[in-house]
Structures are given as C-alpha cells and as structure tokens.
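> Structure below; questions to follow.
The values are calculated or read from the model by the stated rules, or taken from the named source; none is laboratory data. These numbers were taken from a predicted model, which means no experiment stands behind them. Quick reminder, even Gly has a Cβ in these numbers, built from the backbone with ideal geometry, and neighbours come from all protein chains shown.
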Amino acid sequence: AAKQLKKRQQKKPSDLPHPNKLPEGFDHVHISEGRRVCKRHELYVSFRDLGWLDWVIAPQGYSAYYCEGECAFPLDSCMNATNHAILQSLVHLMKPDSVPKACCAPTKLSATSVLYYDNNNNVILKKHRNMVVKSCGCH
Amino acid sequence: LATGSFLKNHLHSSFIQRKLSGREKREIQKEILSILGLSGRPRPPSGGKLPSAAPLFMLDLYHAVASEEEEDGMHGVSRPVQTSLSTQSPPLGTVMSEADTVMSFVNMVEHDRDTFYQKPYWKEFKFDLTQIPLGESVTAADFRIYKMRSSAHHFNKTLHISIYEIIKEHTNRESDLLRLDLQDILAGDEGWLVFDVTVASNHWLLNPKYNLGLRLYVETPDGHSVEPGSAGLLGRRGPRSKQPFMVTFFQASQSPIRITR
C-alpha cells in the first residue's frame, strides 16, 4: 500500500494531503460521543458451567476479558495505540477499501493458574501463560 | 463466534449469540482442554477415603500463586532454604515462580522394615511419575512426610533422618542406595519434613523402569537405627491429611505447538 501511495504521489502531487494538513474529508471527521472506543471488557470463563468441578479444584472460573471497540481516527490517548496504528488509521481514511482500521487487541496478557486432579488422583497446578487480558490497545 | 454459557460476557458484546449444538459444545470444550494442555477431560476416581495431604498442600500453593498473579509480581523472590520443619504455607520462591507446572504424587506403595525385623529399620515409598506433562523438565522435587512428636525418645534428642533413592534391589544382599538428603531434627518436633529428591525424579523421568522408590532411615547421633514409626513419622496408616507425598516442579522446555484442528 505504501508503494502504491508513493507512485500516486509522483504522478498526482496535487492529490496528496499536505504534510501539515489533514486529507480531504478529514476535517469533517466527526467523532460521535457514543462511539465505543477500544477497551477491555469482561469475559468470564466458568469451569462450573462446563461441569468440570469434579476434576478442577480451583478456580471455579476466571475473568479472561477481551478487547473490543473502534480504533478510528483520531486514536484517543486512552486507546494505547502504537505509532503504526496511528498511521494505519490515517491511511484507512484515505483508502478505506484497501486498508482496514487498526485492530483493537490485547497489549498485555498475564498468566492464570488452574489446580486439578488427573486420572490417578495426582494434583496438578498448571500455570497458563497469556490467558488473561490485562490491557487493550490499537495495533 | 458463538458463546456457550461457560463463557459469560458480562458487558456489551458484538458476538453473535446462538444456541450451540451438542457437537459444537463438545468441540469447544475440547478446544479449551487443548489450550489447557489436556488430551481429554480427566476422570479422577471419587475421593472418598483418598489421601488429602497433597491436595491441601497444592491448594495452599495455588492460593499463594494466584495472589502473586494478582499482584503481577512473579519474579525476583528467592526460595528460603528449608532445613527445619515447615508447618506453614509453602514458601514461594524462584523455583515456584519459574515453574509452569507443579505436580503432587500420591504414595503408591509403602514397605516397612520395622521392629519385627532386624536392624536397620527403614520405610520405603513409591510414586508413579509416568503421567508427567510432555515437553517439560524437572527443576525441583520434594518428598514431604509428616512427623509427630516422638514419644519413644527424649524430646530434645537429635534424630538424623536421611532419604535415599533405591538404585538396585538384590535378593541376597542389601539394595544399592543413593543418598539424596539428610535432616537433623529434634525428637520433640512436629510438622512437615521436606527432603530434596530432585536427582531421583530426574532419574525416574529418564528411565521410568528404574523407579524403585525412596527409602527413609532414622538414626540417633551415635548411629543407632530408630524405627521411623516410633520416631513419629507418619505413613499410609496416618490420618489422610498427613500422609506422605511428593511434589515436582516443572518448567516448559519449549512453547507448546498448536496442532491444526
């Protein structure tokens, strides 16, 4: 996409946005107050509802969380956006059909531990890495 | 994506909600089990009169780990050296914080050479380590045995308790043994004794057929053999919450590879 943009820049410089000016239509970008920005939402995984408490000792379930929301220009400071995400959201405004918006995804994941019995009544405590979303952001 | 009732979305979601078929539910459960590193749902026998010492210890460990995960401060804690009786929650340290898996093993077999036999007296234990997780290596292993106050000895008398790996058994002479750990305690002490048996567990994982178990000896400072039971050491006949068990700490040697499904 960047290469295509460069070619077009050479051919039609007048189509290009000024470095210090927002592209055409950009000034009119309206951010609705009701827009759901990229943030963390709770998602509870219940071992109890799975009927697994005969072998899972602890926990009965855990808050896994998920990331959801829009990564639309301008990316708010609270969206924890990467530089690339900011650029991508700008390019998306110019070429919405070919470049998607930045993605709302986990930026930090932590581990969770599960204590359970195996078939021989041995007890296993297993740490599962990257199972709990600690924070979300635009990528 | 559809969600079952076991995935509870507490806030607004754009997930499409629909009723899952039985097959889809089973597939989702299988997927979660796979993430947990399990090929299927474990089916433990119902725990009527099963030993509960190991599950209680592991639950204690779980609570300690879970609170550390909450605080997100899993690194940089050193493991205290365990030379005395531990009656409190297990100490967390680098071994624990670096472990991906901790597994407790129930004592399968117990043999005694007690007062009905010739000296020296001993007690043997055996653990089945064949069900260990794939792709993980042992970082530490402990053998835990509960000691009551010894009634047969003076409370302030020192006892040497040593634990050995049984290397080879012979019909006409004593077994070949490898000493793993030794502790000096007072006869009047009570609580859990913890012995380092990492070397043995590594041997058994490499060669499961050489797993002949552990042997425990108790001696006085002047070398007299003491029957472990009379020294207050509890075996399989002890209360369920005080039965001996083994704990092994594993570290993942590689990232699990996701199998295409």
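> Looking only at segment B:67-114, filter to residues that are in a strand (DSSP E or B) and more than 18 Å from the chain's Cα centre (by Cα); which one of those is modelled with the highest pLDDT?
Per the criteria, the residue is B:His111.
> May I ask you to list the residues in segment A:57-80 that are more than 9 Å from chain B (Cβ to nearest Cβ) and assigned to a strand (DSSP E or B)?
A:Tyr62, A:Cys67, A:Glu70
> Return the total of residues in segment A:81-113 being in contact (Cβ under 8 Å) with a residue 60 or more places away in the chain and either assigned to a loop (DSSP other than H, G, I, E, B) or at the interface with another protein chain (Cβ under 8 Å from one of its Cβ atoms) (or both).
Matching residues across segment A:81-113 total 3.
> Something else now. Spot the failing condition for B:Lys157; the list is (1) in contact with a Gly (Cβ under 6 Å, 6 or more places away or on another chain); (2) over 21 Å from B:Val106 (Cα atoms), and only one is missed.
(1)
> Can you name every residue in segment B:162-181 that is among the β-branched types (Val, Ile, Thr) and under 18 Å from B:Val226 (Cα atoms)? Can you show your working first?
First, pick out the residues of segment B:162-181 that are among the β-branched types (Val, Ile, Thr): B:163, B:166-167, B:171.
Matches in segment B:162-181: B:Ile163 only.
> Counting residues that are surrounded by fewer than 19 Cβ atoms within 10 Å (Cβ to Cβ) and touching a residue at least 40 places away in the same chain (Cβ under 8 Å), which strands (runs of 3 or more DSSP E) fully inside segment B:152-235 reach at least 3?
B:158-168
> Ok, one more. For A:Leu75, only one of the following conditions fails: (1) buried (at least 21 other Cβ atoms within 10 Å of the Cβ); (2) closer than 30 Å to B:Thr130 by Cβ. What is its number?
(2)
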